[in-house]
Structure formats: C-alpha cells, structure tokens
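Peer 1: Quick one: structure below, then a few questions.
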Amino acid sequence: MAEITPVLTRHIVEGNPPLDLAGYRAVGGYESLRVAVETMSPDEVREVVKESNLRGRGGAGFPTGVKWGFVPQGPDSPRPKYIIANGDEMEPGTFKDRLLIHGNPHQLIEAMIIAAWALQADVGYIFLRPEYEAGAHLLESAIEEAHAAGLLGDNVLESRWSFELHAHISAGRYICGEETALMNALEGRRPNPRSRPPYPAIAGLWGKPTIVQNIETLVCLPHIVANGAGWFRHLGLTEDSGTKLYCVSGMVEHPGNYELPIGVTLRELIYEHCGGMRDGRDFKAALPGGASTMFMSPDELDTPLDFTNLEKAGNRLGTAGVIVVDQDTSIVGMVLNLMHFFAQESCGWCTPCREGLPWIEDLLRDLVEGRGRKGDSRLLGHEMRMIGPNSFCALALGAEGPLLSALEKFPEEFEAYVTNVPDPTASIEAAPATVTEVGS
C-alpha cells in the first residue's frame with residue numbers, strides 16, 4: 001500500500017468546523033505567504049512552482065509553472081491582472097474542491113495570495129458553483145479575517161503590493177468550468193467559450209492578463225513554498241509530482257475523497273483504500289477522471305492513476321473523479337445517463353454539440369428502451385467521432401470519451417439491445433477511413 005502523506009487535507013477533520021484565522025496560524029498557516037512575500041521575489045516563486053512540476057488538477061493537467069510564464073511581467077505590463085480559482089466543480093464524480101473549501105478555507109486564501117504575488121496580480125476571484133453557497137459564506141468570513149489582519153488589501157505584509165480577493169457564486173452550468181466561459185460568466189455575459197488566441201494569460205478577464213487555476217492546484221502552493229520543489233516532486237510514486245485527491249464514487253465499500261501520492265494504481269485505490277467492491281461483487285470498469293474520461297477495464301487495474309501513465313494508455317487523469325462500476329451495472333445505461341448530462345449541459349454555441357449530443361442521447365435511449373437496430377453501435381461510433389472534433393470547445397470531446405471507450409471495450413453490451421430490424425448504416429462502411437478516424 002502506498003504510504004499516505006496527507007498534505008492538502010492535513011488539518012481537515014470530518015465533523016470539525018474549519019479553522020479560523022487564529023487556528024490556521026497556530027498550525028503554521030500564512031507562514032508560507034510570509035516567506036514568499038518577505039524573502040522571495042515573484043520571479044523566484046514562479047520558478048519554484050515550475051521546478052515542482054505541479055500540473056493542473058482541474059482536468060487538463062497543464063504544467064502550472066509553464067502556464068504562469070505566459071503572463072506579461074514588468075512595469076509596462078497591462079493592469080489590472082487577475083487570478084481566478086475555478087471552483088465550478090460540475091464534472092460528474094468530482095467533489096474534492098468542496099472538501100477543500102469547507103475543510104480549510106484559509107488554506108485556499110493563502111494559496112490565492114501566493115499565486116497573486118508570483119504573478120503580480122491585483123484582483124482575485126474564487127468562482128463557485130451555485131450549490132456551494134455554504135462554502136461561499138465560509139470563504140467570505142475567512143476573507144474578512146485575512147483582510148483585517150493585513151493579509152489582503154493595500155500594502156500586503158508591508159510589501160507595497162496590494163491584492164483584493166472576492167468569492168463569486170456562479171449562476172451555474174457545466175460549461176462554466178471551461179476557463180474562457182468562466183470569464184464570460186464573471187463579466188456578466190452568456191458563458192460561451194471564447195475563441196483562442198488570444199489566450200487568457202495575455203487577454204482574459206475584461207481583456208487583461210488572467211490565470212485560471214483549479215482549487216486543488218492552488219492549495220498545493222503554500223506547501224511547495226514551505227518545503228521546496230524537490231520535496232513536492234518526491235511525494236509522487238511516478239514521474240508526476242505531489243499528492244492527489246482521488247474522488248471515488250460508485251460500487252465500492254467506502255466511497256469518498258482519498259489524498260494519496262499521485263500514481264497509486266486503480267487496484268490499490270479500490271481494494272486497499274476503498275475497502276474493495278461493494279458486497280464482494282466483481283469489478284467491471286471505472287472512469288478514472290470523471291465523466292469525460294475513458295473506461296478502464298479489469299486488465300487495466302494495475303495502471304498508475306497519474307497524468308503520464310494514463311496518457312500513455314490513451315486515457316486522462318482529468319479531475320481524478322474515479323467512478324467504479326460492478327458486474328451488475330449496465331454500461332449502456334450508464335453511458336446513456338452521461339450523454340443525457342452532456343446534452344443538457346451543452347451551451348448551445350455550436351451546432352455539432354448542440355444538435356449532435358441530443359441525437360446521440362436519443363439513439364442510446366432507443367437501444368435501452370427496445371428500439372435498437374442492427375448497426376446502431378456502428379452509427380453511434382461514427383457520429384460521435386464527427387461531433388467531438390468539430391465542436392467549438394472540448395465539451396463534446398469529453399462526451400466522446402466514455403461512449404467510444406464503452407463501444408470498444410464492451411461491444412457485446414450494445415449488441416445485446418439490438419433487435420432484428422435491418423441495418424440503417426450499411427452505407428457508412430463505404431465512407432473514407434480518414435473520416436471515421438477523426439479524433440481517435
């Protein structure tokens with residue numbers, strides 16, 4: 001079993017209220033901020049984050065230090081600059097950021113100020129899904145405490161640098177987790193994704209340099225500053241760095257959040273940390289990173305759950321929202337449920353996603369409700385490969401993951417729903433191979 005090294009959740013105790021400012025300071029809180037502001041230049045903070053190999057925990061896994069390097073610096077750089085914590089957290093199977101907000105709000109605030117110092121940002125927003133109203137109240141109270149203590153506002157820690165921080169409750173929708181749609185929502189506009197370039201680091205919120213990071217990514221910062229880049233790299237079991245919050249749901253004995261060294265295998269996560277499969281049933285499959293990732297089958301149980309190894313396996317870590325499926329779960333029914341979610345959460349900005357995902361949902365529903373026809377599986381795969389790559393943003397590509405992997409790994413389950421109605425897709429076989437391979 002991987003050694004458990006709680007870092008982000010060290011001071012989060014189930015059933016206990018979160019630490020106030022005095023309590024957080026008593027366990028070393030805001031000491032990393034003091035070190036960063038009083039003993040390190042912004043350049044030095046950015047460099048240690050880059051050396052730590054911290055990768056974004058919100059889904060894409062992009063190296064944080066590299067991302068920060070795109071923000072213009074110097075006296076002539078545009079102002080104001082913004083830092084945004086993405087707490088939209090509407091990826092099915094993902095519930096880690098809520099734990100971090102409710103369990104230790106001051107840790108997030110300290111992390112935001114450190115990031116702002118490194119980027120020389122002027123204003124920060126913590127963007128929350130509307131259901132996180134209780135978390136918003138906790139953050140607002142903690143922000144007030146930090147402001148009164150001179151940790152926010154004008155002349156932070158007598159540095160002659162000022163930073164304002166606000167909690168923002170969103171109107172909702174899955175698409176708000178996409179960083180450019182999030183910025184549109186913050187500006188009070190319809191949350192459609194933006195065309196890129198320009199990228200947010202150059203022209204983001206209100207046209208100014210902006211960095212958007214997932215909450216879990218940000219709360220790593222105080223620990224990296226306190227302990228160094230090498231320490232953070234060595235926490236991982238593979239070439240990836242740090243610990244990871246794995247959100248486990250589905251058919252396991254003990255679902256929940258597990259902070260473990262990144263790179264723990266799926267087998268160890270399920271059978272050693274989650275108590276095995278519920279009621280002793282057999283493992284059938286799992287989505288490793290939320291609803292927008294690909295199914296893992298029993299022969300992949302020993303795959304490390306990290307960015308690098310899952311990418312090599314043709315999958316993604318995503319948010320590490322691990323959804324576990326047992327022998328009695330219908331893969332087709334599960335995929336139908338996911339396609340219903342993606343179809344209703346499409347922002348409607350582009351035709352392939354807006355029209356295509358409901359069509360995919362309808363075709364799956366026909367299968368499940370006894371109206372399936374021979375060739376429907378082929379039709380599903382063909383059309384999904386056309387929808388994802390031709391959509392404006394990655395929402396439809398995310399929907400593509402579970403469906404195409406289910407068709408590949410569990411074809412017999414789709415065929416079991418098929419009736420003896422003639423094949424309506426015979427002409428598809430004549431289509432050029434380059435068409436059917438788009439996005440594969």
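Readers should treat all values here as calculations from the given coordinates under stated rules, not as data from a laboratory. In this text the structure is predicted, and so the values were computed from the model without any measurement. Glycine also receives a Cβ, built like all others from the backbone with ideal geometry; neighbour counts cover every protein chain displayed.
Peer 1: Have a look at the DSSP beta bridges in the stretch 236-326 and tell me what percent are antiparallel, nearest 5. It would help to have the intermediate numbers written out before the result.
Peer 2: Working: 13 of 17 bridges.
Close to 75 percent.
Peer 1: Students often check this: by mean Cβ neighbours within 10 Å, which of 193-202, 27-36 ranks highest, and how do the rest follow?
Peer 2: Ranking, from highest mean packing down: 27-36, 193-202.
Peer 1: Also: With the Cα gyration tensor of the stretch 251-384 giving a ≥ b ≥ c as the square roots of its eigenvalues, does the rule (a/c under 1.5 for rounded; else a/b larger than b/c for prolate; else oblate) give rounded, prolate or oblate?
Peer 2: Cα axes put the stretch 251-384 in the prolate bin.
Peer 1: Follow-up question, since we're still on this one. When DSSP beta bridges are limited to those with both residues in the chain, what percentage is antiparallel, rounded to the nearest 5?
Peer 2: Expressed as a percentage, antiparallel bridges in the chain total about 40.
Peer 1: If I model a spin label as a point 7 Å beyond the Cα along the Cα-Cβ vector, how far apart are those points for T39 and E408 in nm?
Peer 2: It works out to 4.9 nm between the two label points.
Peer 1: Additional query: Counting helices only, and only those DSSP H runs with n ≥ 4, report the 222 nm mean residue ellipticity of the chain as the sum of -39,500 (n - 2.57) divided by its residues, in deg cm²/dmol to the nearest 500.
Peer 2: Computed mean residue ellipticity for the chain: -11000 deg cm²/dmol.
Peer 1: Just flag the GluC sites (Glu not before Pro) in the stretch 98-152 sitting in loop per DSSP whose Cβ has no more than 15 other Cβ atoms within 10 Å. Show your work: numbers first, answer last.
Peer 2: Values: sites: E110, E131, E133, E140, E144, E145; in loops: E131.
Answer by residue number: E131.
Peer 1: For the chain, take the longest principal axis of its alpha carbons; what is the angle in degrees between that and the long axis of helix 351-368, to the nearest 10 within 0 to 90?
Peer 2: Around 50 degrees separate the two axes.
Peer 1: Extending each Cα 7 Å along its Cβ direction at E355 and H102, get the distance between those two points in nm, one decimal.
Peer 2: 4.3 nm
Peer 1: At q = 0.14, 0.19 Å⁻¹, what base-10 log of I(q)/I(0) does the Debye formula yield for the stretch 236-326 when every alpha carbon is treated as an equal point scatterer in vacuo?
Peer 2: Those come out to -0.40, -0.75, one per q.
Peer 1: If you don't mind, another one. Measure nothing fancy, just the Cα-based angle from helix 42-51's long axis to the longest principal axis of the chain, in degrees from 0 to 90, nearest 10.
Peer 2: 40 degrees
Peer 1: So what's Rg/Rh here for the chain, counting alpha carbon atoms and using the Kirkwood radius for Rh?
Peer 2: Rounded to two decimals, Rg over Rh is 0.99.
Peer 1: In degrees from 0 to 90, rounded to the nearest 10, what is the angle of the helix 133-148 Cα long axis to the longest principal axis of the chain?
Peer 2: For 133-148 against the chain, the angle is about 20 degrees.
Peer 1: Let me ask another. Please figure out what share of the DSSP beta bridges in the stretch 21-233 is antiparallel and state it in percent, rounded to the nearest 5.
Peer 2: Counting only bridges with both partners in the stretch 21-233, antiparallel ones make up about 10 percent.
Peer 1: I've got another one for you. Hey, what D do you get for the stretch 105-180 in µm²/s if you plug the Kirkwood alpha-carbon radius into Stokes-Einstein at 37 °C and 0.692 mPa s? Show your work: numbers first, answer last.
Peer 2: Values: Rh = 13.1 Å.
Using the Kirkwood radius from Cα pairs, D works out to 252 µm²/s.
Peer 1: Based on the Cα coordinates of the stretch 21-233, what is the per residue volume of their convex hull in Å³?
Peer 2: Cα convex hull per residue, to the nearest whole number: 114 Å³.
Peer 1: Over the residues of the stretch 1-147, compute the C-alpha Rg and express it relative to 2.2 N^0.38 Å. Show your work: numbers first, answer last.
Peer 2: Values: Rg = 15.9 Å, N = 147, 2.2 N^0.38 = 14.7 Å.
The value comes to 1.08.
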